[in-house]
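Remarks on the structure that follows.
The values are calculated or read from the model by the stated rules, or taken from the named source; none is laboratory data. In this text the structure is predicted, and so the values were computed from the model without any measurement. Reconstructed Cβ throughout: ideal geometry from the backbone, glycine too, with neighbour counts over all protein chains shown. Quick note on the areas: whole protein, heavy atoms, side chains included, nothing else; ligands and nucleic acids left out. Shrake-Rupley method; radii C 1.70, N 1.55, O 1.52, S 1.80 Å.
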Amino acid sequence: MKLLRLKYGLLVIPFGALFLWYLVYPSHQILALENPDSGELLCYLPVADGDHFQIKYTHSIHLSDVREEYRVQAGRLYPYQLIYEDTGVGMPANAEAGQTFTMEDGKYIISNLQGSTDKLYLTIGAVKANHQIVYNNTSYSLQDNIGPGETIAIKTRNVNKWMLWKGDRLYE
């Protein structure tokens, strides 16, 4: 009987250690929306390398939609393209060297954007901006999920399964 308990005990220990490793190893990449001062995770979306997301908002002067598209790659955010409806105050009238400027369906598109960053800062509009994260054709309101007037940092982060279970995912 003691030998049987010892065998089961020897099986439970490795499986328990494996389960604990599964819970705490940071193997899941997320798009983290954080408090820029404390680093507190406010909400997140699971992402993978190569995924694209957009920050969509209403321009405060033109009152038209603007979309900034980014690609997630190796823990960095790469600007992909900028889509907007009006040139003028705060919006480019042409592309810079190496970029492409086109017009489709009444929208201006600047693509082939260069560079990367580890973090974007955004103050969520309180009046007209209607800031949203668009990911996999689903829009997530930042006003509803975080709150108007809040400043956030957007970055990728690797987290463990436990953080995913207890964290606040963005909601439609």
**Q.** Residue within segment 68-77 that is buried (at least 16 other Cβ atoms within 10 Å of the Cβ), out of contact with any Ser or Thr (no Cβ under 6 Å at 6 or more places or on another chain), among the acidic types (D, E) and in a strand (DSSP E or B) present
**A.** yes
Q: Considering (1) farther than 22 Å from P36 by Cα; (2) without any contact (Cβ under 8 Å) to a residue 40 or more places away in the chain; (3) in contact with a Leu (Cβ under 8 Å, 6 or more places away or on another chain), say which one E68 fails and leave the rest.
A: (1)
Q: Quick one: in segment 119-158, of everything that is within 17 Å of R76 (Cβ to Cβ) and at pLDDT below 95, which residue is surrounded by the fewest Cβ atoms within 10 Å (Cβ to Cβ)?
A: N158
Q: Kindly indicate whether any position in segment 39-50 is surrounded by fewer than 16 Cβ atoms within 10 Å (Cβ to Cβ), touching a Leu at 6+ places or on another chain (Cβ under 7 Å) and modelled with pLDDT of 95 or more.
A: no
Q.
Regarding segment 74-93, can at least one residue be identified that is touching a residue at least 12 places away in the same chain (Cβ under 8 Å), within 22 Å of D168 (Cβ to Cβ) and out of contact with any helix residue (DSSP H, G or I) (no Cβ under 9 Å at 6 or more places or on another chain)?
A. yes
Q) Looking only at segment 100-118, which residues are of a type outside the set (S, T, N, Q), over 19 Å from K155 (Cα atoms) and open to solvent by 40 Å² or more (accessible area, probe 1.4 Å)? A) F101, M103, E104, D105, G106, K107, Y108
Q: Consider only pairs whose beta carbons are under 7 Å apart and that are at least six residues apart or on different chains; among these, list those whose first residue lies in segment 149-165 and is more than 10 Å from K119 (Cβ to Cβ) and whose second residue is part of a helix (DSSP H, G or I).
A: N160/L23; N160/V24; K161/Y22; K161/L23; W162/L23; W162/V24
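Here's the yes/no breakdown for (1) closer than 22 Å to T123 by Cα; (2) under 12 Å from the mean Cα position of the chain (by Cα); (3) surrounded by 16 or more Cβ atoms within 10 Å (Cβ to Cβ); (4) modelled with pLDDT of 90 or more:
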residue: I13; (1), (2), (3), (4): no, no, no, no
residue: L33; (1), (2), (3), (4): yes, yes, yes, yes
residue: H59; (1), (2), (3), (4): yes, no, yes, no
residue: Y84; (1), (2), (3), (4): yes, no, yes, yes
